[in-house]
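Right, one structure below, let's go through it.
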Amino acid sequence: MNHILIENITKVFIEKFQSKPIFIKSPGRINLIGEHTDYNEGFVFPAAINKGIITAIQKSDSDFCTLISIDFNEEYTFSLKNLDPIKNGGWKNYILGVIAEIQKKGIEIKAFNIVFGGDIPIGSGLSSSAALENSIVYGLNELFKLGLTKKEMIFISQKAEHNYVGVRCGIMDQYASMFGEENRALFLDCRTFEATKINIDLKEYQLVLINTNVKHSLSESAYNDRRSVCEKVASLLNIFALRDASEEDLLQIKSKISEEDYQKSLYVVQENQRVQQAVEALKNNDILMLGKLLYESHNGLQNQYKVSCEELDFLVKKAKENLNVIGARMMGGGFGGCTINIISKKATPNFVKEVSELYHEKFNNECSIYFVEISEGTHLLKQ
Ligand code: GLA
């Protein structure tokens, strides 16, 4: 994608602003396992991928900033003095949020222009939003020599999402997008923000993503609701976060909370254990075990944490029925987006053909198949 997209972005930038920009590439992410554990200060296991956003940025001669989205074919001009979130502002709020969060740190920036585009399908659970936020904060840091560290940048991105988009997300997406490395997944501790990089070699298997191409509404409020439940249970247990809870601890307070909240909390405790087991399995080249954990994770997300949907469950069910698919689960926040599958390389063509047909029959809608590579995190593109 890089080449054509960069040419296109450059052309638009020079025509519109008559100056030469710098380019930042910021990737989306997958997550092998560890869903809804990040905001519980637990463990996740994501990796950056070769789908991403490219942002061109340069200082502006005027007092105004102009943003151009190639993919949405939209343009927006604003003053740095007025950064209020826009109602139904979509992509614009991610950018305004990042600028506002930089300003909140007492850092001053001057006006600039941006043209950006990419190939991460929106709403697919591949974190196009984190990729965009990171590309903006990284670009501003380069352009104005702000001296921010990568860690400071990802927290700015995360806060932009909290305060300008209204999703109280964890740190997984921004972390993976910023710190990703080729062929390596990040076993991240979301309390210490330290990650161990683990080589991903799945032997005769490969990762395949299947996009349901649906994103059910209300997923944002459902996300925040889940987070509130976890926080409520943690405070009942007198601990900082569910990361510190054991299954026994939860049993102790079971009578004080609803069955739904108990199951949600239990899911978090168990998912945290699964992430650690998955890392061990990979270290021992036990790909079958890794696959098994993925199926268990989906089961928890579907039945305990309740963030799946009919389309995702259908894809995982079909995967399970096929012995060549050794693991599958929904990925990301839920309520739509992609499943991640571990499939025998030889059997992949048949499986994806079959599942695509079945999906079409069932939902009268197409699913999309992506083969992704594990790639480098946010970086400046050399010209
Ligand atoms: C979204 C959020 C992440 C994480 C996942 C679920 O992608 O942005 O912080 O909570 O959902 O694991």
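The values are calculated or read from the model by the stated rules, or taken from the named source; none is laboratory data. Because the structure is predicted, anything quoted here is derived from the model rather than measured. FYI the Cβ positions are ideal-geometry reconstructions off the backbone, even for glycines, and counts take in every protein chain you see. These accessible areas exclude ligands, DNA and RNA; they are computed on the full protein's heavy atoms, side chains included. Shrake-Rupley method; radii C 1.70, N 1.55, O 1.52, S 1.80 Å.
Mean sequence separation of contacting Cα pairs (under 8 Å, at least six apart), scaled by the length of segment 3-198, corresponds to a relative contact order of 29 percent.
Using a probe radius of 1.4 angstrom, the carbon and sulfur fraction of the accessible surface of segment 3-198 is 48%.
Derived scalar couplings between HN and Hα for segment 35-50 equal 9, 6, 9, 5, 7, 9, 6, x, 10, 9, 9, x, 8, 6, 10, 7 Hz in order, rounded to whole Hz, by the Karplus curve 6.51 cos²θ - 1.76 cosθ + 1.60 (θ = phi - 60°), x for Gly and Pro.
Quick one: grab the alpha carbon gyration tensor of segment 56-96, order the square roots of its eigenvalues as a ≥ b ≥ c, and give me rounded if a/c is under 1.5, else prolate or oblate depending on whether a/b is larger than b/c. Since a/c reaches 1.5 but b/c is at least a/b, the shape of segment 56-96 is classed as oblate.
Among residues other than Gly147 with Cβ under 14 Å from its Cβ, the summed charge is +1 (Lys and Arg +1, Asp and Glu -1). In order along segment 350-363, the phi-based Karplus estimate (6.51 cos²θ - 1.76 cosθ + 1.60, θ = phi - 60°) of 3J(HN,Hα) comes to 5, 5, 5, 5, 4, 5, 5, 5, 5, 5, 4, 4, 6, 10 Hz; Gly and Pro are listed as x. A straight line joining the Cα centroids of segment 354-375 and segment 25-50 runs 22 Å. Computed over protein heavy atoms with a 1.4 Å probe, the carbon and sulfur contribution to the accessible area of segment 273-333 reaches 46%.
Note: relative contact order over segment 245-383, using C-alpha pairs below 8 Å and six or more positions apart, is 15 percent.
Of the residues Met331, Met289, Met153, the one that moves most in a GNM of the chain with alpha-carbon contacts below 10 Å is Met289.
The alpha carbons of segment 201-371 give a radius of gyration and a Dmax of 17.3, 51 Å, in that order. From its DSSP helices (H runs of at least four residues, each -39,500 (n - 2.57)), the chain gives a residue-normalised ellipticity at 222 nm of -13500 deg cm²/dmol. Taking the C-alpha atoms only, the angle from helix 287-303 to the longest principal axis of the chain is near 90 degrees. Taking label points 7 Å from Cα along the Cα-to-Cβ direction, Ser246 and Lys382 give a separation of 5.2 nm.
The alpha carbon centroids of segment 186-220 and segment 71-98 are separated by 28 Å.
Counting only alpha carbon atoms, the long axis of helix 91-104 and the longest principal axis of the chain meet at about 80°. Taken over segment 145-239, the convex hull of the Cα atoms encloses 182 Å³ per residue.
The spread of Cα positions in the chain, taken along each principal axis and listed from longest to shortest, comes to 60, 51, 39 Å.
Measuring nothing but how far apart in sequence close Cα pairs (under 8 Å, 6+ apart) lie, relative to its length, the chain scores a relative contact order of 23 percent. Among the listed pairs Lys51/Lys353; Lys25/Lys232; Lys51/Lys104; Lys151/Lys345, those with a Cα-Cα distance over 27 Å are Lys25/Lys232; Lys51/Lys104; Lys151/Lys345.
Here's the picture: charge each Lys and Arg Cβ at +1 and each Asp and Glu Cβ at -1 in segment 201-371, and of Asn238, Leu207, Ser219 the one pushed furthest to the positive end of that dipole is Leu207. Cross-link reach is defined here as a Cα-Cα straight distance under 21 Å, omitting same-chain residues fewer than 8 places apart; for Lys20 the lysines meeting it are Lys11, Lys59, Lys110, Lys145, Lys382. Using the Cβ-Cβ distance between Thr149 and Asn199 with R0 set to 30 Å, the FRET efficiency works out to roughly 0.70. Label sites at Ser235 and Glu15, each approximated as a point 7 angstrom past Cα along Cα to Cβ, lie 5.4 nm apart. One chain, two ends: Lys346 and Leu323. Fully extended at 0.36 nm per residue, the span grows by 7.0 nm beyond their Cα-Cα distance. At a probe radius of 1.4 angstrom, the accessible area of the chain per residue rounds to 43 square angstrom.
Note on Lys104/Asn224: beta-carbon distance plugged into 1/(1 + (r/R0)^6) with R0 of 22 Å gives a FRET efficiency of 0.55.
When Rg and Dmax are taken over the Cα atoms of segment 3-198, they come to 16.1, 47 Å. Our coupling estimate for segment 227-239, obtained by passing each phi through the Karplus curve with A = 6.51, B = -1.76, C = 1.60 and θ = phi - 60°, is 4, 5, 4, 4, 5, 5, 5, 4, 6, 4, 7, 6, 10 Hz, Gly and Pro reported as x.
Relative to the globular-protein estimate of 2.2 N^0.38 Å, the Cα radius of gyration of segment 174-294 stands at 1.25.
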